[in-house]
Amino acid sequence: MVRTEHRKPIRLTRRTKWTLLAVAAALVAAGVLLPDALPLAAGLILAGSVGVGNDAR
């Protein structure tokens, strides 16, 4: 059997979270302005990934 180990999730600082959200917003804006869906999808996935790891503390 394959041995898997559970790792602790990466904790992002507040500054890193805001930076990643700004990059995600720029990608979404580029996807809306350009006739290309790839930056739009990448921005939404990045924003969702940052948001999932964001706790309310």
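The values are calculated or read from the model by the stated rules, or taken from the named source; none is laboratory data. Model, not experiment: these values are computed from the prediction. Positions of Cβ are generated from backbone atoms using ideal geometry, with glycine treated the same way; all protein chains shown enter the neighbour counts. Surface areas here come from the heavy atoms of the whole protein model, side chains and all, with no ligands, DNA or RNA. Shrake-Rupley method; radii C 1.70, N 1.55, O 1.52, S 1.80 Å.
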Item to check | Accessible carbon and sulfur surface of the chain relative to its total accessible area, %, 1.4 Å | outcome: 65
Item to check | Net dipole in debye of the chain [+1 Lys, Arg Cβ; -1 Asp, Glu Cβ; about Cα centre; nearest 20] | outcome: 440
Checklist entry - Taking the Cα centre of the chain as the origin and placing charges on Cβ (Lys, Arg +1; Asp, Glu -1), which of LEU27, LEU40, LEU12 is farthest toward the positive end of the dipole? => result LEU12
Item to check | Theoretical ellipticity at 222 nm over the chain - DSSP helices of four or more residues, -39500 (n - 2.57) apiece, nearest 500 | outcome: -21500 deg cm²/dmol
Item to check | Stokes-Einstein translational diffusion, the chain - Kirkwood Rh over all Cα pairs, 1.002 mPa s, 20 °C, in µm²/s | outcome: 167
Checklist entry - With axes computed from alpha carbons, what is the tilt in degrees of helix 37-52 against the longest principal axis of the chain, rounded to the nearest 10 within 0 to 90? => result 40
